[in-house]
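For reference, the structure discussed in these notes is given below.
The values are calculated or read from the model by the stated rules, or taken from the named source; none is laboratory data. These numbers were taken from a predicted model, which means no experiment stands behind them. Virtual Cβ from ideal backbone geometry, glycine too; neighbours counted across all protein chains shown. Accessible surface is based on the protein model in full, side chains and every heavy atom, while ligands, DNA and RNA are left aside. Shrake-Rupley method; radii C 1.70, N 1.55, O 1.52, S 1.80 Å.
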Amino acid sequence: MMKKLSRSIRAKSTLGALTILCFSCTVSLGLAIGYYMLFLNDGRELTPGTIIGLLVGVVISCAVVGFILLYFAARFISDPLVHMSNATKEIAKGNFDVVIHHKSEDELGTLAQNFTLMAAELKTMEYLRKDFMSNVSHEFKTPLASIQGFVEMLQNKNLSDEEFDQYTNILIEETSRLNHLCSNMLRMSRLDNQVIYNKTVSFALDEQIRKVILLLEEQWSNKKLELDICLEPMTYLGDPELLQQLWMNLIENAIKFSEKYGSIKISSNETSSEIAVKIADEGVGIAEENVDRIFEKFYQADASHAQMGNGLGLAIAKRIVDLCGGTIWCESKLGDGTTFTVTLPK
């Protein structure tokens, strides 16, 4: 019981006020008794005026002692609040290195702890925002510089037909890359601000994955990849557009990192509570120290394939899975392929 009271500032304030009141009354009563005994020892008569004066003195003494004690008790509560108010102003100025050193088990202690945690989270978000802006600037700058350079080359009137075709093809590739980047950024922005499904319908999940495989036929055909597809008939209740984007990103990623004449295995299984889909390739793999970061925005573990993407595909996939209430994880070893596993609650 006492432990619960110690964690409530309201209970402690009430007990403190009662303690102060009792202490003030006790001190005042002690002064009154001492004054009364002084009268008796001096042989004076206790007149009505003396009694009234004695009562007034008791009240004034009780008020003065109570005021002094309440002042220090109020400072005990207000000082942390003033400190938090000043810390709030620092955060408003952009200083996120604020730490409130107030340790107690009551509401003020919890507030101070959560305030410090909030400051640390805001600092992390600010770092991510700056990193995001830096990455966006870099991703746009590279193709724009390439486009500018080849447009300047096209101004040369002495270009051969072969050179002209080569330069225009590069321009088409770079503008396509910019368009893809803009589309992914818009998609990521929408997903970051989305907390629930836009729509929920029942559809055949296995057929949807097969459709995505057909849509990407040109890519895996160009690499002469062998596809091993083992999908159980599955019906899923969810947003088909989001799920199609998820499979598109994961399968496209597997194709991108697969060597020519390699293979990709896509399988699924269903239990009473969830659906699991695995997409495994035999590509370059991912170093162990990079596996934990592959779902970060703009992070690319393999720099040699940077020109083939912008580091948003897996971040989008992770966000879609989170919206579905599922999980996604990666198992990979450098030079030994990668397997992505997605589980979705039914």
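Restricting Leu237, Leu227 to residues that are in a strand (DSSP E or B) and within 26 Å of His180 (Cβ to Cβ) narrows the list to Leu227. For the stretch 258-283, filtering for residues that are open to solvent by 40 Å² or more (accessible area, probe 1.4 Å) and farther than 27 Å from Ala204 by Cβ leaves 4.
For the stretch 88-137, the set of residues classified as modelled with pLDDT of 70 or more, outside any loop (DSSP other than H, G, I, E, B) and open to solvent by less than 40 Å² (accessible area, probe 1.4 Å) consists of Ile91, Leu108, Gly109, Ala112, Phe115, Thr116, Ala119, listed by residue number. Residues that are within 14 Å of Lys223 (Cα to Cα) and not in a loop (DSSP other than H, G, I, E, B) within the stretch 240-261 comprise Ile251, Glu252, Asn253, Ala254, Ile255, Lys256, listed in sequence order.
Rundown of residues vs (1) within 20 Å of Glu296 (Cβ to Cβ); (2) outside any helix (DSSP H, G or I); (3) modelled with pLDDT under 85; (4) open to solvent by 50 Å² or more (accessible area, probe 1.4 Å), yes/no style:
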{"site": "Glu173", "(1), (2), (3), (4)": "no, no, yes, yes"}
{"site": "Arg190", "(1), (2), (3), (4)": "yes, no, yes, yes"}
{"site": "Asn198", "(1), (2), (3), (4)": "no, yes, yes, yes"}
{"site": "Ile213", "(1), (2), (3), (4)": "no, no, no, no"}
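Quick one: is Gln208 farther than 30 Å from Glu152 by Cβ and at pLDDT below 90? Against the criterion (farther than 30 Å from Glu152 by Cβ and at pLDDT below 90), Gln208 does not qualify.
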